[in-house]
Amino acid sequence: MEQVDLLVVGGGINGVGIARDAAGRGLSVVLVEKDDLAAHTSSASSKLIHGGLRYLEQFEFKLVRESLVERERLLRAAPHIVEPLEFVIPATGSGRAAWKLRVGLLLYDHLAGRKGLPRSRSLRPNDLGDGLTPALQGGLAYWDCRVQDSRLVVLNAMDAAERGAMILTRTELLTARREGSHWIARIHSSGHERSVKARALVNAAGPWAGDLLSHVRGTKRCPAVRLVKGSHIVLPRLYDGDHAFLLQHRDGRVVFAIPFEDEFTLVGTTDVEWCGAPDGPSISSEETDYLLAAVAAYFTRNVTAQDIVWDFAGIRSLYDDGASDPSKITRDYRIDLDTSGPPLLTIFGGKITTYRSLAERALDRLGPLLRKRGGAWTERAVLPGGDVPNGTIEEYAASLAQAYSGLPPRLPTRLAKAYGTRVERVLENVKSVNDLGEHFGAGLYEREVEYLVRNEWARTAEDVLFRRSKLGLHVRQDDAARLRRHMGG
Ligand SMILES: Cc1cc2nc3c(=O)[nH]c(=O)nc-3n(C[C@H](O)[C@H](O)[C@H](O)COP(=O)(O)OP(=O)(O)OC[C@H]3O[C@@H](n4cnc5c(N)ncnc54)[C@H](O)[C@@H]3O)c2cc1C
């Protein structure tokens, strides 16, 4: 039987963040994820590392401040997958008053501090660019960041593994019980069951956190959790420019329109109360209509449901603060520590943006109970591939394009923005395109697939096309089928 300090359940952002922090403090760690890494909520986000401007309306100043501080840290830790993004808020003449938005942005700038991203500014109607309905009267602009959410999860898992953690994907925790000073857990993978003995158990099962507690014997009652579905649609590019839009919808909610994968615009999200098991959420026709209505209110381009090239939905697991409106439930997290025997730590709520500080706090509480002395260390640490010279990915990508001039022109840049300095491992000994192996379309070659299988726990074509990358939006169906055959399903 495997014996470790910490057994972490859940390979979403919070589970891998905790596994990484713990491994770096010298704890022995096993993480189990029943599906692929980031298979659920952590790949279905709006893909923003943001302070959350709208949370100011709910007076969540602590959450906004913490998120803005984390935004700077993540930008430094992973400049290849986190990048600054300007947001434009068009003025409609209805919705929130202009002065209110201005004050909100001044507060946002203030909470962000003086370093880092540029401050907010006012825009005249001509500054809004093409593609918007002419009735809009200028607006405001501010900065946040976007992230390749599922790659952030994988990089944390890689860092954890490089520091000694064992990451077991497609492995489910079935049951766990306390026995003396340890947890005894039954885990299941590929038809085989085995036991793991751990000094502490971390429940980072996201929307399954409450469900998991019912499989863990001897635990207290689960705190109240609300499950809220959020969906996105992906449309052919709605406008030119590298900026995103924050759109005020007719019901007072805000909807983002974000440039996505060069050719597309990502539009989302919704807030729909979810009852029942969190498996397989999908967008409803009401949510589709709601998002298309936001597009129609702001953009000149005529789009219908037939134009949607992709959609996805995820379930937020939120700590229930009693709010009746699902979009007003707090997005802050709660760490619940049960020490009525060997420790059980459960995570409720949270954001991708705050995963690092959440993990640090979790370990600050667990570490002393396990009598481990290693202190907090992730604040200034980079993630795998994040050590690009001067922290500027554009420069690094340009130098790679020069060094690998024999490769298809856009490939080195795409790889630099996915793998950072680890691209040198992906392209080890590659001199020309002939060394890359079979081509599966859209610049995806056998060499990259092999790297993903060996280093990033990719097992299926879906893992490669929609979580390790978003090449699924670019490859043709017959190429995707060929990749599926190549990867054995
Ligand atoms: C629509 C939407 C938009 C969002 N946008 C943003 C955003 O722009 N920025 C931001 O910062 N945050 C955003 N969030 C929030 C963010 O996505 C979540 O807070 C975060 O992904 C939660 O991560 P997690 O690790 O807790 O859960 P998950 O990612 O769901 O991970 C939990 C994992 O546990 C695994 N698991 C469950 N039970 C077991 C078991 N018994 N054994 C093994 N494994 C198990 C599951 O398979 C799952 O992979 C958004 C959320 C949604 C839904």
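The values are calculated or read from the model by the stated rules, or taken from the named source; none is laboratory data. What you are looking at is a predicted structure, and each value in this text was computed from that prediction instead of being measured. Cβ: placed from backbone, ideal geometry, glycine included. Neighbour counts: every protein chain shown.
Going by the structure shown, is residue 40 at pLDDT 95 or above and farther than 18 Å from residue 174 by Cα? Explain how you work it out, then say what you get.
Values: at pLDDT 95 or above: yes; farther than 18 Å from residue 174 by Cα: yes.
Taking the combined requirement at face value, the residue satisfies it.
Report yes if some residue within the stretch 77-97 is within 30 Å of residue 163 (Cα to Cα), part of a helix (DSSP H, G or I) and not assigned by TED's automatic domain parsing to the domain that holds residue 349; otherwise report no. Full working, then the answer.
We begin by selecting, within the stretch 77-97, every residue within 30 Å of residue 163 (Cα to Cα); these are 77-84.
Restricting the remaining residues to those that are part of a helix (DSSP H, G or I) gives 77.
Checking the rest, the ones that are also not assigned by TED's automatic domain parsing to the domain that holds residue 349 come to 77.
Scanning the stretch 77-97, I find at least one residue that is within 30 Å of residue 163 (Cα to Cα), part of a helix (DSSP H, G or I) and not assigned by TED's automatic domain parsing to the domain that holds residue 349, so the answer is yes.
Here's the yes/no breakdown for (1) charged (D, E, K, R); (2) surrounded by fewer than 16 Cβ atoms within 10 Å (Cβ to Cβ); (3) without any contact (Cβ under 8 Å) to a residue 40 or more places away in the chain; (4) more than 18 Å from residue 430 (Cβ to Cβ):
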{"position": "375", "(1), (2), (3), (4)": "no, yes, no, yes"}
{"position": "382", "(1), (2), (3), (4)": "no, no, no, yes"}
{"position": "395", "(1), (2), (3), (4)": "yes, yes, yes, yes"}
{"position": "401", "(1), (2), (3), (4)": "no, no, yes, no"}
{"position": "407", "(1), (2), (3), (4)": "no, no, yes, no"}
{"position": "412", "(1), (2), (3), (4)": "no, no, yes, no"}
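Being surrounded by fewer than 20 Cβ atoms within 10 Å (Cβ to Cβ), out of contact with any Lys or Arg (no Cβ under 8 Å at 6 or more places or on another chain), among the charged types (D, E, K, R) and at pLDDT 90 or above is true for just one of 65, 71. Which residue is that? Break it down into steps so the answer makes sense when it comes.
On the way: 71 fails: surrounded by fewer than 20 Cβ atoms within 10 Å (Cβ to Cβ).
65 is the lone residue from the list that is surrounded by fewer than 20 Cβ atoms within 10 Å (Cβ to Cβ), out of contact with any Lys or Arg (no Cβ under 8 Å at 6 or more places or on another chain), among the charged types (D, E, K, R) and at pLDDT 90 or above.
Do the conditions hold for residue 278, that is, is it more than 30 Å from residue 93 (Cα to Cα), under 20 Å from the mean Cα position of the chain (by Cα) and buried (at least 19 other Cβ atoms within 10 Å of the Cβ)? Lay out the reasoning, then the answer.
Values: more than 30 Å from residue 93 (Cα to Cα): yes; under 20 Å from the mean Cα position of the chain (by Cα): yes; buried (at least 19 other Cβ atoms within 10 Å of the Cβ): yes.
The answer is yes for residue 278.
Please specify each residue of the stretch 219-237 satisfying the condition of being modelled with pLDDT under 95 and touching a Leu at 6+ places or on another chain (Cβ under 9 Å). Before you say what the answer is, go through the steps one by one.
Taking the stretch 219-237 and keeping what is modelled with pLDDT under 95, we get 219-228.
The answer is 219, 220, 221, 222, 225, 226, 227, 228.
Select from the stretch 49-62 the residues that are within 14 Å of the ligand (Cβ to nearest atom) and either in a loop (DSSP other than H, G, I, E, B) or surrounded by fewer than 23 Cβ atoms within 10 Å (Cβ to Cβ) (or both) and list them in ascending order. Reasoning before the result, please.
Restricting attention to the stretch 49-62, the residues satisfying the condition of being within 14 Å of the ligand (Cβ to nearest atom) are 49-55, 60.
50, 51, 52, 53, 54, 55, 60 - these are the residues of the stretch 49-62 that are within 14 Å of the ligand (Cβ to nearest atom) and either in a loop (DSSP other than H, G, I, E, B) or surrounded by fewer than 23 Cβ atoms within 10 Å (Cβ to Cβ) (or both).
Counting only residues that are within 12 Å of the ligand (Cβ to nearest atom) and in a helix (DSSP H, G or I), how many does the stretch 310-356 have?
Result for the stretch 310-356: 4.
When you scan the stretch 231-248, do you find a residue that is small (Gly, Ala, Ser) and over 30 Å from residue 211 (Cβ atoms), even just one? It would help to see each step written out before you state the result.
Restricting attention to the stretch 231-248, the residues satisfying the condition of being small (Gly, Ala, Ser) are 231, 241, 244.
Okay, now just the ones that are also over 30 Å from residue 211 (Cβ atoms), so 241, 244.
Checking the stretch 231-248: at least one residue is small (Gly, Ala, Ser) and over 30 Å from residue 211 (Cβ atoms).
Within the stretch 148-156, is there a residue that is away from the ligand (no atom under 16 Å from the Cβ) and in a loop (DSSP other than H, G, I, E, B)? If you could, list the steps in order and put the result at the bottom.
From the stretch 148-156, those away from the ligand (no atom under 16 Å from the Cβ) are none; that's our starting set.
Within the stretch 148-156 (the criterion being away from the ligand (no atom under 16 Å from the Cβ) and in a loop (DSSP other than H, G, I, E, B)), the answer is no, since none of the residues qualifies.
Does residue 7 satisfy the condition of being within 11 Å of the ligand (Cβ to nearest atom), more than 17 Å from the chain's Cα centre (by Cα) and not assigned by TED's automatic domain parsing to the domain that holds residue 324? Don't jump to the end; show me each part of the working.
Values: within 11 Å of the ligand (Cβ to nearest atom): yes; more than 17 Å from the chain's Cα centre (by Cα): yes; not assigned by TED's automatic domain parsing to the domain that holds residue 324: yes.
Considered against the rule, which asks whether it is within 11 Å of the ligand (Cβ to nearest atom), more than 17 Å from the chain's Cα centre (by Cα) and not assigned by TED's automatic domain parsing to the domain that holds residue 324, residue 7 comes out as yes.
Counting only residues that are out of contact with any Leu (no Cβ under 6 Å at 6 or more places or on another chain) and over 28 Å from residue 229 (Cα atoms), which one in the stretch 26-41 is farthest from the ligand (Cβ to nearest atom)?
So the first thing to find is which residues in the stretch 26-41 are out of contact with any Leu (no Cβ under 6 Å at 6 or more places or on another chain), and the list is 26, 28, 31, 33-41.
Within this subset, residues satisfying the condition of being over 28 Å from residue 229 (Cα atoms) are 26, 28.
On the way: 26: 23, 28: 19 Å.
If we take residues in the stretch 26-41 being out of contact with any Leu (no Cβ under 6 Å at 6 or more places or on another chain) and over 28 Å from residue 229 (Cα atoms), then 26 is farthest from the ligand (Cβ to nearest atom).
Is the stretch 201-208 home to any residue that is surrounded by 21 or more Cβ atoms within 10 Å (Cβ to Cβ), assigned to a loop (DSSP other than H, G, I, E, B), within 14 Å of the ligand (Cβ to nearest atom) and within 28 Å of the chain's Cα centre (by Cα)?
At the first step, the residues of the stretch 201-208 found to be surrounded by 21 or more Cβ atoms within 10 Å (Cβ to Cβ) are 201-208.
Those still in the list that are assigned to a loop (DSSP other than H, G, I, E, B) too: 204-205.
Checking which are within 14 Å of the ligand (Cβ to nearest atom) leaves us with 204-205.
From what is left, the residues that are within 28 Å of the chain's Cα centre (by Cα) are 204-205.
Scanning the stretch 201-208 turns up at least one residue that is surrounded by 21 or more Cβ atoms within 10 Å (Cβ to Cβ), assigned to a loop (DSSP other than H, G, I, E, B), within 14 Å of the ligand (Cβ to nearest atom) and within 28 Å of the chain's Cα centre (by Cα).
Being under 20 Å from residue 300 (Cα atoms) and either loosely packed, with under 14 Cβ neighbours inside 10 Å or at pLDDT 90 or above (or both) narrows it down to one of 129, 113, so name that one. Working first, answer last.
Details: 113 fails: under 20 Å from residue 300 (Cα atoms).
Result: 129 is the single residue among 129, 113 that is under 20 Å from residue 300 (Cα atoms) and either loosely packed, with under 14 Cβ neighbours inside 10 Å or at pLDDT 90 or above (or both).
Name the single residue that is modelled with the lowest pLDDT among those in the stretch 405-427 being touching a Lys or Arg at 6+ places or on another chain (Cβ under 9 Å) and assigned to a loop (DSSP other than H, G, I, E, B).
Restricting to residues being touching a Lys or Arg at 6+ places or on another chain (Cβ under 9 Å) and assigned to a loop (DSSP other than H, G, I, E, B), the top hit is 406.
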